[in-house]
Amino acid sequence: MLYFTRWKATAILLTALFVCLFSVPNFFSDATRETWPTWAQRHLVLGLDLQGGSHLLLEVDSNAVRKEKLEQARDDVRRVLREARIGYTGLTVRGNAVEVRLREGTDRQQALTKLRELSQPLSGVLSSTGQRSLDVSMDDTGLVRLVVTEPAIQERIRQSVDQSIQIVERRVNELGTVEPLIQRQGSDRIVVQVPGLQDPTRLKELLGKTAKLDFRMVDQSMSPEQAIQGRPPADSELLYAPAKQGRQPYLIEKRVLVSGADLTDAQPGFDQRTSEPIVSFRFNSSGARKFAQATRENVGRPFAIVLDNEVISAPVIREPILGGSGQISGNFTVEQANDLAILLRAGALPAPLTIIEERTVGPGLGQDSIEKGKLASYVGALWVVIFMLVTYGLFGLIANVAVAINVAMIFGVLSALNATLTLPGIAGIVLTVGIAVDSNVLIYERIREEIRAGRTPLNALDAGFDRALATILDTNITTFIAAAVLFFIGTGPVRGFAVTFGVGIITTVFTAFTVTRLLTAAWARWRRPKFIPI
Amino acid sequence: MSSWILIGLLGLVAVWSVVVLFWERIPHLHIVPPDTKFDFIRFRRISFPISAVLTIAAITLYFTHGLNFGIDFRGGTLIEVQSKSGPADISGMRTTLGTLNLTEFQLQQFGSPTEVLIRIAQQPGGEEGQQAAVQRVRGALGDSVEYRRVEVVGPRVSTELLSYGLIGIFVAIFGILIYLWFRFEWQFALGASIANAHDLVLTIGFMSVAQIDFDLTSIAALLTILGYSLNDTVVIYDRIRELLRRYKRMPFTDLLNASINSTLSRSIVTHLTVTLALLSLLMFGGQAIHSFTATMMFGVVLVGTYTSIFIASPLLIYLGVGEARGHAGKDDPDETEGGRNALKIAALEEQLQASKTEPAPAGDVGGNTPASASTASAPTPAPASASPGKSGKGKGGGKGGKGGGKGRR
């Protein structure tokens, strides 16, 4: 066990050195690192609990996506039947299906063929699944059911999350923060991590709005009060002004003249006459054409600017607006105008986002945690090192060198993985120091036993290593199982603990099997001991 | 100041290191006297009832006191604030928050007198309700405090986290059980698992008494305790297995005692080093990981050691590990200490000096060291003398283990 060929010893030392070298980039500043090649830039990232910042977990409202998908299917059915001039009654959404009853005397087969054309094959990752977006069936009474299939809905949710991530990215980037992290989590969630952000209130406001902007006509066929008491016309709906404007009701047509998707730019500014904050916007060419046409046809009538189902303002069209640009005023504060411009530029979310988890750490606590973590690590390591020296003397020194290499390797591996260091992660490293020496303790106690059993020095060393290594492997694998499980269930700081703890176990086994043995062998060759100082 | 102490200690370590490198006869600390022969196994008559009582007490506590579920699992809001002007006025803050129409909240000094921890129970109104509550608190406390930490966990996330945590613990126990079953015998796996469950139950009882917040980091602490307590148990089990192979006729209780006594020094030294590491975290690591380290300290240091010595090992008697012994073979003289005569050691010495790139030949009976392999003596293949009919229990284990031992090398 104690004999190493020259190449083997070299290989061990080189491996240890190589792994340790990965920790080097951590000692340089970001600016210095950026001049290096990319492969050398990998380094430890401080977790949000150490550097301060905000972590938000957002959930895409999948029910809204589902509902929208079904309503879209219903509108498609209506369009198809109208175009084909097929009479129908009772077009409704029921559960996961759209139901429509064909009138007596219509060509049912023709209707069915037309409706079947709505169903499209789903092109997913596995393109030849044969799944289609709709299951169309008809019973004897002429009731057609178009079931929106679950894969179609899931596909739509997936697309919505993808779109949402892009839009969230644009909105967060507008805040001018450093290195925000935006990631999908699970099927319908988005993680947003913004280092250094102290108060996420504004971020939450930006993310909490769908920012669906529509330009629609105000329905003047009856007054809003009449509509509240009676029933609004089928093609209109009642919408209200925002609370700060007194929740005034408006009767607005459902038909959208131009939507926010046609905006190319939006900037905050001030009205030249009233010097009130406004948002000025510009349409793209198709939006400009649609807007020009709508305003030409409706001079003298009011139209409404609707944001997230609230009527921001309802000005009267004085003259056709042909230039494709305009402005929105609505008693904004400067900041609100600013935010609205950001939202309009970034685009509307396909579905509302809900904040389901928030964790924010201020920079003060982060800095405290770093300092406390450092002090605890130094003190803990020193105590262990002194204790090992007192208990095993020279072999304690070997153990300490091994532990030092071990810790350097942990940092190397963590850097190579671009891992996140959290406060529990630091605790994991300190704990690893305590546990790493266990492998040495196992070996040394075994050596002591073998010496007592009457073995000669070299023989005892050899037997000690030989017998202890199996035990070391067994104990570390069981601990590693626990660390691995923790990695899979944990998030954030806890996962940081699992990572350092797990990596620590691997490096511990490595150092016990190689470094400690190598050092012991080197010492034995140097001193040719007649007696083992253990 | 503290950095000077650290540098001083570091210097001391450096000097000491040089001293031990050149002056080898420096006396060492032997925490456990070399020939300790303490009858641990007899203590099972005390330790088993004690553990039973403690386990029942822990379970009772869990149901009467309950666990102090943190927001990770119960949902709600946690806000850590630091007063910007002197010690925090907790009662004033309580009055302020009282006007906010929150369903349930607690204030507590946290660490230094300027810091206050505000816990707000889950508010009605689903996910948005929690956010609204934070908004109200921020509005009410305004700029008089610094917000050091704000954590809001909605109802959906908290339910998920709890189920993940529980699943995690069961998966870990199960995974370890399977591993031990492969490496040892099922009796060992079962014994370790019972010991493990015992550890976890007692730790949960401790958390209930100390009213430590039970959150995601507690699950981390529990899993670490699990892994670590097992670590200890496995060391003793490893030795039991080794002695089972070596001494065929030693009474099982003696064998257990021998195993525990011979690993006792290691157990204590390792626990001291872990204790030192944890103690440093507990003293200097700050409030944020205080409950984490306190839980671990209890689980690893107090319960873990006790369990592996007084519970896990004696349990093997009842699980029937030693039953097929005593008449199934005889002590293997080659492996006993008396059998290690000078001749063999000399042979090994020679072998050591020569090239030792190859371990024991593959044809060797795996449990033996290279030393005995080179001098392969006649009585060595003891397992062969076992009656085939009985090899199902203890003996079979020996063989299986040997197979594993060979594979390792």
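Given the options A:T471, A:I447, A:A292, identify the residue whose Cα lies farthest towards the positive end of the charge dipole of chain A (+1 on Cβ of Lys, Arg; -1 on Cβ of Asp, Glu).
Going by the charge dipole, the pick is A:I447.
Report, as an integer, the average count of C-beta atoms from other chains found within 10 Å of each Cβ along A:263-273.
Per residue, the number of nearby Cβ atoms from other chains is 0 on average.
For chain A, just list the percent of Cα-Cα distances falling in each 10 Å bin from zero outward, please.
Calculated P(r), rounded to whole percents: 3, 13, 17, 17, 14, 11, 10, 7, 5, 2, 0, 0.
Just in segment A:261-353: which trypsin sites (Lys or Arg not before Pro) are loop by DSSP and have at most 10 other Cβ atoms within 10 Å?
Sparse-neighbourhood loop trypsin sites (Lys or Arg not before Pro): A:R273, A:R318.
So between A:A453 and A:E174, what do we pick up on full extension, going 0.36 nm a residue minus the alpha carbon distance?
93.1 nm
Whole Å is fine, so just give me how far the alpha carbon centre of segment A:369-443 lies from that of segment A:192-243.
Comparing the Cα centres of segment A:369-443 and segment A:192-243, I get a distance of 57 Å.
Just how large is the dipole of chain A about the Cα centre, in debye to the nearest 20, putting +1 at every Lys and Arg Cβ and -1 at every Asp and Glu Cβ?
The dipole of chain A has a size of about 1300 debye.
I'd like the FRET efficiency for A:T15 and B:V19, computed as 1/(1 + (r/R0)^6) with the beta carbon distance as r and R0 of 25 Å, rounded to 0.05.
0.20
Count the net charge of all other residues whose Cβ sits under 12 Å from the Cβ of B:A192, scoring Lys and Arg as +1 and Asp and Glu as -1.
Its environment carries a net charge of -4.
For A:D474, A:D140, B:D199, A:D76, which order do you get if you count the other beta carbons within 10 Å of each Cβ and list the fewest first?
Numbers: A:D474 23, A:D140 5, B:D199 28, A:D76 16.
Least to most surrounded, the residues fall as A:D140, A:D76, A:D474, B:D199.
Find out how many positive minus negative residues lie around B:R25, taking Lys and Arg as positive, Asp and Glu as negative, among other residues whose Cβ is under 15 Å from that of B:R25.
Once positives and negatives cancel, what remains is +1.
Please give the length that would be gained between B:Q211 and B:W4 if that part of the chain were fully extended, namely 0.36 nm times their separation in residues minus their C-alpha to C-alpha distance (nm, one decimal). Mind dumping the intermediate values first?
Values: separation 207, 0.36 × 207 = 74.52 nm, distance 3.74 nm.
Taking 0.36 nm per residue and subtracting the Cα distance, the gain is 70.8 nm.
May I ask for the net charge around A:P25, where only other residues with Cβ less than 14 Å from the Cβ of A:P25 are counted and Lys, Arg are +1 while Asp, Glu are -1?
With Lys, Arg at +1 and Asp, Glu at -1, the net is 0.
In whole Hz and in residue order, list the ³J(HN,Hα) couplings for segment A:506-523 that follow from phi through the Karplus curve 6.51 cos²θ - 1.76 cosθ + 1.60, θ = phi - 60°; x for Gly and Pro.
Once θ is set to phi - 60°, the couplings for segment A:506-523 become 5, 5, 4, 4, 4, 5, 5, 6, 10, 4, 4, 5, 4, 5, 4, 4, 4, 5 Hz.
Between A:N298 and A:F270, what is the FRET efficiency for a Förster distance of 41 Å, r being their Cβ-Cβ separation, to the nearest 0.05?
Given R0 = 41 Å and the Cβ-Cβ separation, E is 0.90.
How big is the protein assembly as shown by Rg and Dmax over its Cα atoms, in Å?
36.0, 116
Working from Cα positions, state the angle (0 to 90°, nearest 10) between the long axis of helix A:334-346 and the longest principal axis of chain A.
Helix A:334-346 sits at roughly 90 degrees to that axis.
Go ahead and run the numbers for FRET between A:A243 and B:N101, Cβ-Cβ distance against an R0 of 22 Å, rounding to 0.05.
Working from the Cβ atoms, E equals 0.75.
Once each part is reduced to its C-alpha centroid, what is the distance from segment A:289-363 to segment B:25-53 in angstrom?
77 Å
Charges only on Cβ, +1 for Lys and Arg, -1 for Asp and Glu: so what's the dipole of segment A:1-127 about the Cα centre, in debye to the nearest 20?
520 debye
Compute the separation of the alpha-carbon centres of segment B:186-221 and segment B:90-133 and state it in Å as a whole number.
Comparing the Cα centres of segment B:186-221 and segment B:90-133, I get a distance of 31 Å.
How large is the direction-averaged shadow of the alpha-carbon convex hull of segment A:104-215, in nm²? Numbers along the way, then the final one.
Working: hull surface 46.5 nm².
Reported value for the Cα convex hull: 11.6 nm².
Testing the spin-label approximation: label points 7 Å from Cα along Cα→Cβ at B:A52 and A:I321. State their distance in nm.
8.4 nm
Percent relative contact order of segment A:426-534, based on C-alpha pairs within less than 8 angstrom and at least six residues apart?
Values: 83 pairs, mean separation 38.7, N = 109.
Here the relative contact order equals 35 percent.
Residue farthest toward the positive end of the dipole of the protein assembly as shown, with Cβ of Lys/Arg at +1 and Asp/Glu at -1: which of A:P233, B:G11, B:S265?
B:S265
Using just the helices of chain A, give the 222 nm mean residue ellipticity in deg cm²/dmol: DSSP H runs with n ≥ 4 each add -39,500 (n - 2.57), and the total is spread over all residues, rounded to 500.
After summing the helix terms and dividing by the residues of chain A, the value is -17000 deg cm²/dmol.
To make sure I understand, if each residue's beta carbon is the centre and we count other beta carbons within 10 Å, what order do A:T471, B:T64 fall in, fewest to most?
Sorted ascending by nearby Cβ count, the order is B:T64, A:T471.
Rg and Dmax in Å for segment A:1-141, alpha carbons only: what are they?
Considering segment A:1-141 through its Cα atoms, Rg and Dmax are 32.0, 97 Å.
Of all trypsin sites (Lys or Arg not before Pro) in segment B:211-317, which ones are in loop regions per DSSP and have a Cβ with at most 13 other Cβ atoms within 10 Å?
B:R249
Dividing the Cα convex hull volume of segment A:329-438 by residue count, how many Å³ per residue is that?
166 Å³
Dipole magnitude of the protein assembly as shown about its Cα centre, charges +1 at Lys/Arg Cβ and -1 at Asp/Glu Cβ only, in debye to the nearest 20?
That gives a dipole near 2380 debye.
Determine the shape class of segment A:353-392: with a ≥ b ≥ c the square roots of the Cα gyration tensor eigenvalues, call it rounded for a/c under 1.5, and otherwise prolate if a/b is greater than b/c, oblate otherwise.
The shape class here is oblate.
Name the residues whose placed amide hydrogens come within less than 5 Å of the amide hydrogen of A:R132, ignoring near sequence neighbours (fewer than 5 apart) on the same chain.
A:L122
Need one number: convex hull volume per residue for segment A:206-271, Cα atoms only, in Å³.
148 Å³
Per residue of B:74-80, what is the mean number of Cβ atoms on other protein chains within 10 angstrom of that residue's Cβ?
Shielding by partners across B:74-80 averages 1.
FYI, it's all coordinate maths here, none of it is from the lab. Just so it is clear, the model here is predicted, and its values are computed rather than measured. Cβ atoms come from the backbone with ideal geometry, glycine included; neighbour counts cover every protein chain shown.
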